[in-house]
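The values are calculated or read from the model by the stated rules, or taken from the named source; none is laboratory data. Please read these numbers as outputs of a predicted model, since none were measured by experiment. When we count neighbours, we look across all protein chains shown, and the Cβ atoms used for this are built from the backbone with ideal geometry, even at glycine. To get the accessible areas, we keep the full protein, side chains included, count just its heavy atoms, and leave off ligands, DNA and RNA. Shrake-Rupley method; radii C 1.70, N 1.55, O 1.52, S 1.80 Å.
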Amino acid sequence: MKITIFGAGYVGLVTGTSFAELGNDVILVDIDEKRVSDLNQGTIPIYEPGLEEMLKRNIEEKRISFTLDASKAVKNSEIIFIAVGTPDKGDGSTDLKYVLSVAKTIGENINGYKVVVDKSTVPLGTAEKVRQTIKENMAEKHEFDLISNPEFLREGMAMRDFMVPDRIVIGFDSEKSKNLMSELYRGISRPESPIIYTSIPSAELIKYTSNAMLALRISFMNQLAPLCELHESADIKEIALGIGYDKRIGSKFLQAGIGFGGSCFPKDVASLAYELKINNLDNNLIQAILDVNEKAKVAMIPKIQNVLGENLKGKNIAIWGLAFKQRTDDMREAPSIKIIEELQKLGAKITAYDPQSVENAKKIFTNVIYAPDPYTCVKGADAVILVTEWGVFRNLDMLRVKNLMNKPNLFDGRNIYDPKKKREIGFNYYSIGRN
Ligand code: UGA
């Protein structure tokens, strides 16, 4: 099938590359000139395991190309995906300017029947706005349908999540477009990856609800973590294990830690809270997810002050991991940002190491020293804080780490280490929701 995708960002790139891999002809449109020329050479602007290899192969086999020419791209395809960014305006409301500008372009260039598929994460009712915008800008009158097809892939796992999803959600309102979508997803849908057909507004809301529910589970555990810390042998990881075996609860997304980050959970939960508020509906449960998360990000600070003193002036603090989670270079809403800012306010000197996100981090912090590896990072440190659970931190020579440090204070923001073992080799070990 011939597919056009607007937006060569995270979702657009993964979607486009995967559809090309399945044998479709894909054109990806972006407004960023450099990005388009880099992508045509097979250079991707993000770090995502497996993406670059798959993209290069599909460029070589001429199933995918990148262009600035939106008009040609619209005319060339029957299925058009919108996968542009939907940033937060700051008050929880969602900025739809990129989505609606794509809708305008589609309207101006429509030359026959099109299915316009929204993959961007958008508030309830956006499909109607897109439909209106296309209609208002139509130069020639043509038939078109809208589909809401939210994306559930996780950064770091995106290639697998796209090809083997838990489900595919398709919001539709015409049989013709439904059939086209079912044809398009034929290579992916199977009994373990079923297509769920819904109305368009339901599909829009499924995306936010899904992210809010996952974020709720994390905040739920993070709110209970301090209670465990009051009891010598209570352990939030054991609680997660104990409840996770209940099939009604399940074991995923119950890991307490330094709070959730990224471009999705914080923004999407805020958008849902905003949507309820402007409709004069109660949003306290949804808002609480965010409030708990803000506190979770800095819960380590008083623990650090307990050990190093109120004022951290002259103290060297090492940070392991900057990205919002492992396997990504994404720094958006990363808990590391808030922790580093707070520590710097208290006078601490920060040295950080991250395997992938240093370039992105440099745009955020100017007064951080970036170490080339985890060992150099802890040299002379009064404390090290593990912020992102990269695999590399699980397999370090911890005796060497201890000997390099000025004081052996280890703060584990992701509960990845065994407290007993770390204490045995001489660390003062602190984690979240356990002693
Ligand atoms: C999330 C959703 O998981 C995807 O399904 C969705 O498509 C995506 O948002 C989106 O809306 O685009 P992502 O932000 O890539 O994906 O990352 P996750 O792996 O879900 O992690 C989110 C945050 O929760 C991370 O900061 C992670 O460290 C944290 N987390 C996750 C916990 O603190 N505890 C857990 O048990 C799980």
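If you scan the stretch 151-161, which residues turn out to be open to solvent by less than 10 Å² (accessible area, probe 1.4 Å) and more than 7 Å from the ligand (Cβ to nearest atom)? First the steps, then the outcome.
Looking only at the stretch 151-161, we keep the residues that are open to solvent by less than 10 Å² (accessible area, probe 1.4 Å), and these are 156, 158.
Across the stretch 151-161, the qualifying residue is only 158.
Residues in the stretch 204-237 that are closer than 30 Å to residue 171 by Cβ, out of contact with any Pro (no Cβ under 7 Å at 6 or more places or on another chain) and within 11 Å of the ligand (Cβ to nearest atom): how many?
Of the residues in the stretch 204-237, 11 are closer than 30 Å to residue 171 by Cβ, out of contact with any Pro (no Cβ under 7 Å at 6 or more places or on another chain) and within 11 Å of the ligand (Cβ to nearest atom).
Test of understanding: among 75, 62, 135, 104, which residue is more than 16 Å from the ligand (Cβ to nearest atom) and outside any helix (DSSP H, G or I)?
Exactly one of 75, 62, 135, 104 is more than 16 Å from the ligand (Cβ to nearest atom) and outside any helix (DSSP H, G or I), namely 62.
If you take the residues of the stretch 162-199 that are within 16 Å of the ligand (Cβ to nearest atom) and charged (D, E, K, R), which of them is surrounded by the most Cβ atoms within 10 Å (Cβ to Cβ)?
Checked the stretch 162-199; the qualifying residue surrounded by the most Cβ atoms within 10 Å (Cβ to Cβ) is 167.
Return yes when residue 378 is open to solvent by less than 60 Å² (accessible area, probe 1.4 Å) and more than 16 Å from residue 257 (Cβ to Cβ) and no when it is not.
So residue 378 fits the description; yes.
Among the candidates 323, 318, single out the residue that is under 18 Å from residue 371 (Cα atoms), open to solvent by less than 10 Å² (accessible area, probe 1.4 Å) and part of a loop (DSSP other than H, G, I, E, B).
323
Considering only residues that are among the hydroxyl-bearing types (Ser, Thr, Tyr) and assigned to a helix (DSSP H, G or I), look in the stretch 238-296 and name the one that is nearest to the ligand (Cβ to nearest atom).
Among those that are among the hydroxyl-bearing types (Ser, Thr, Tyr) and assigned to a helix (DSSP H, G or I), it is 271.
Test each condition in (1) within 16 Å of the ligand (Cβ to nearest atom); (2) assigned to a helix (DSSP H, G or I); (3) more than 22 Å from residue 154 (Cβ to Cβ) for residue 14 and report the one that comes out false.
Of (1) within 16 Å of the ligand (Cβ to nearest atom); (2) assigned to a helix (DSSP H, G or I); (3) more than 22 Å from residue 154 (Cβ to Cβ), only one is false for residue 14: (3).
Go through 233, 202 for me and flag whichever is modelled with pLDDT under 95, open to solvent by 10 Å² or more (accessible area, probe 1.4 Å) and among the polar types (S, T, N, Q).
Going through 233, 202 in turn, just one is modelled with pLDDT under 95, open to solvent by 10 Å² or more (accessible area, probe 1.4 Å) and among the polar types (S, T, N, Q): 233.
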